[in-house]
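Beneath this line is the structure, given in structure tokens, with notes to follow.
The values are calculated or read from the model by the stated rules, or taken from the named source; none is laboratory data. Everything numeric in this text was worked out from a predicted model, so none of it was measured. Methodologically, a virtual Cβ is constructed for each residue, glycine included, from the backbone with ideal geometry; neighbour enumeration extends over all protein chains shown. Quick note on the areas: whole protein, heavy atoms, side chains included, nothing else; ligands and nucleic acids left out. Shrake-Rupley method; radii C 1.70, N 1.55, O 1.52, S 1.80 Å.
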Amino acid sequence: MSAPDIPADQPPAQAEARTRGPAGSWISWLALALMTTSSVASLRPSPTMAVYGLACVFLYLIPALVFLLPTSLVSAELASGWEGGVYNWVSRGISKPMGFLAVWCQFAMTIFYYPSLLGYVASTLAYVINPALASNGVWTAIVIMVTYWSGVYISSRGTKGVAGLSSAGLIIGTLVPGALLVILGTVFLGQGNASAAPMTADHLLPAWAGLASLVLIVNNFLSYSGMEMNAVHVSSLRNPGKEFPRAMFLSMGLVLAIFILPALAISWVVPAEQLSLTAGVMQAFDAVFAEFGWQWLTPVIGIMLVAASLGGMLTWLAGPSKGLVLISRQEGYLPPFLQRVNKHGVQQNILVTQGLVTTVIALLYAFIPDVSSAYWIFSVITTQVYLIMYLLMFVAAVQLRRKAPDHPRGYRAPMLVGLCGVGFAASLAALLIGFIPPSQFSSGNAGVYVLIVAAGALGLGLLVPYLFYRARKPSWKQPEESES
């Protein structure tokens with residue numbers, strides 16, 4: 001996001017050279033596919049979809065076709081033609097205020113993302129210490145606060161090499177546990193044990209019980225999000241027009257396999273009514289290991305999953321906020337206090353401010369009786385805030401194709417307007433569906449659910465950036481510091 005955009009007055013030949021990048025920086029389409037897979041796929045959402053049993057295949061395929069595919073191809077065209085990330089795309093396609101809204105939503109989603117991620121860490125860690133703690137709200141709140149503030153401290157020290165934990169996390173915390181879960185689940189069925197969820201053709205589609213029965217599909221949009229960040233690598237391919245779609249379709253296959261197969265394995269072993277949305281992965285491992293007398297492995301798997309999640313948290317903790325601070329210095333969108341960096345060049349003030357909000361959210365876990373309910377609500381808010389950014393991105397892509405059809409692009413998405421239309425409609429539908437309580441909340445107060453989700457998504461995603469924008473002053477601009 002800190003990279004400068006191609007100047008409007010730059011000769012097309014030079015712009016094309018910058019768009020394609022130096023030959024020495026070329027990567028293979030296979031490498032790009034694996035990079036995309038590692039940044040998108042994880043086991044964390046598996047319990048959420050395991051409650052649907054065989055129908056989880058359908059519920060993963062639909063958002064892949066209407067959201068993952070359009071997002072991948074559209075963001076590839078934008079990244080190969082305009083550097084600077086989503087702020088620059090939306091600013092040039094729509095307006096600078098909308099660009100600020102887009103980059104704000106990219107940052108703001110992390111405010112609820114980290115509590116939901118660390119809620120999963122807390123329940124997983126409970127299986128290493130005492131499984132009874134997995135549903136304990138006080139335990140969850142303590143783990144979230146301690147872990148987050150530890151991450152802020154580590155990030156504020158400017159620690160190097162943390163990014164390497166991301167690729168290692170794919171192997172340690174996703175591929176190995178996921179493959180083990182699927183293999184043992186298959187053996188579990190092969191030994192004559194009955195599947196906890198029916199695996200017949202009659203259950204390929206989710207049971208229809210009104211809109212509430214499909215609300216969990218909203219969480220899959222967040223599972224697939226982040227493709228706009230991977231699209232920046234399209235310029236490093238030798239032949240983007242052919243190689244990028246090949247990389248995207250392979251990564252889509254790998255991502256779907258990582259999401260669907262472990263979810264199915266969990267549904268074979270753990271009955272849906274007993275499934276925790278946060279601890280479901282560990283429930284499945286615990287049940288499968290019990291069948292083979294390998295329960296001593298449960299804590300080991302728990303540590304692997306926790307290590308991978310913490311590595312991912314540290315890798316992404318400062319990323320979105322850094323982009324927001326850089327743009328805010330150039331345009332004066334945030335007050336100087338939130339723009340300050342420490343001696344290590346880390347935006348410590350904004351991380352601490354974010355940490356205070358995260359602490360308040362963490363404390364909600366201690367007061368909401370059902371930890372799974374809190375986890376789901378925070379996941380929905382996270383998704384809805386992020387979807388606002390995607391709505392703006394799809395509109396900007398159409399506008400840029402219309403206003404700058406001859407601008408050099410390393411990759412041109414086929415049927416761009418159609419892709420943007422499908423992606424926009426799917427994103428808007430997912431955002432609206434998020435306000436409907438899922439079937440698991442049928443016994444709760446629907447009004448309270450809608451109020452919490454609306455306050456979190458609309459307040460954080462729209463009201464807060466509007467207030468910052470209205471309060472901005474010329475003195476907030478610090479272009480000299482942002483370029484240093």
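Here's the yes/no breakdown for (1) at pLDDT 85 or above; (2) assigned to a helix (DSSP H, G or I); (3) of a type in the set (Val, Ile, Thr); (4) open to solvent by 70 Å² or more (accessible area, probe 1.4 Å):
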{"residue": "407", "(1), (2), (3), (4)": "yes, no, no, no"}
{"residue": "412", "(1), (2), (3), (4)": "yes, no, no, yes"}
{"residue": "417", "(1), (2), (3), (4)": "yes, yes, yes, yes"}
{"residue": "424", "(1), (2), (3), (4)": "yes, yes, no, yes"}
{"residue": "435", "(1), (2), (3), (4)": "no, no, no, no"}
{"residue": "453", "(1), (2), (3), (4)": "yes, yes, yes, no"}
{"residue": "470", "(1), (2), (3), (4)": "yes, yes, no, yes"}
* To do: Only one of these is part of a helix (DSSP H, G or I), within 20 Å of residue 75 (Cα to Cα) and either among the aliphatic types (A, V, I, L, M) or free of Cβ contacts under 8 Å to residues at least 24 places away in the same chain (or both): 305, 222, 310, 264. Name it.
  => 222
* Asked: Taking the stretch 284-314 on its own, how many of its residues are surrounded by fewer than 24 Cβ atoms within 10 Å (Cβ to Cβ) and either touching a Lys or Arg at 6+ places or on another chain (Cβ under 8 Å) or of a type outside the set (A, V, I, L, M, F, W, C) (or both)?
  -> 9
* **residue 223 being at pLDDT below 80, of a type in the set (Ser, Thr, Tyr) and surrounded by 24 or more Cβ atoms within 10 Å (Cβ to Cβ)** => yes
* To do: For residue 243, indicate whether it is part of a helix (DSSP H, G or I) and in contact (Cβ under 8 Å) with a residue 60 or more places away in the chain.
  => yes
* Structure fact -> Taking the stretch 241-283 and keeping only residues that are open to solvent by less than 10 Å² (accessible area, probe 1.4 Å), within 23 Å of residue 38 (Cα to Cα) and at pLDDT 85 or above, one is left with 255, 259, 262, 263, 265, 266
* If a residue has to be in a helix (DSSP H, G or I) and in contact with a helix residue (DSSP H, G or I) (Cβ under 7 Å, 6 or more places away or on another chain) to count, how many in the stretch 31-60 make the cut? -> 20
* What helices (runs of 4 or more DSSP H), lying completely within the stretch 324-404, carry at least 1 residues that are farther than 30 Å from residue 478 by Cα and of a type in the set (Gly, Ala, Ser)? -> 348-367, 371-403
* All positions within the stretch 115-169 that are touching a helix residue (DSSP H, G or I) at 6+ places or on another chain (Cβ under 6 Å) and modelled with pLDDT under 75 -> 155, 156, 162, 163, 165, 166, 167, 169
* Output yes when any residue across the stretch 437-444 is small (Gly, Ala, Ser), open to solvent by 20 Å² or more (accessible area, probe 1.4 Å) and closer than 28 Å to residue 320 by Cβ, and no when none is. => no
* Could you please let me know if residue 212 is modelled with pLDDT under 85, assigned to a loop (DSSP other than H, G, I, E, B) and open to solvent by 20 Å² or more (accessible area, probe 1.4 Å)? => no
* **Selected residue [modelled with pLDDT of 70 or more and crowded, with 21+ Cβ neighbours inside 10 Å] from 55, 50, 31, 64** => 50
* Structure fact -> Output for Cβ contacts, cut-off 6 Å, separation at least six or different chains, first residue without any contact (Cβ under 8 Å) to a residue 40 or more places away in the chain in the stretch 110-138, second of a type outside the set (Lys, Arg) and surrounded by fewer than 22 Cβ atoms within 10 Å (Cβ to Cβ), reads 133/139
* Of all residues making up the stretch 81-110, the number that are among the aliphatic types (A, V, I, L, M) and open to solvent by 10 Å² or more (accessible area, probe 1.4 Å) -> 4
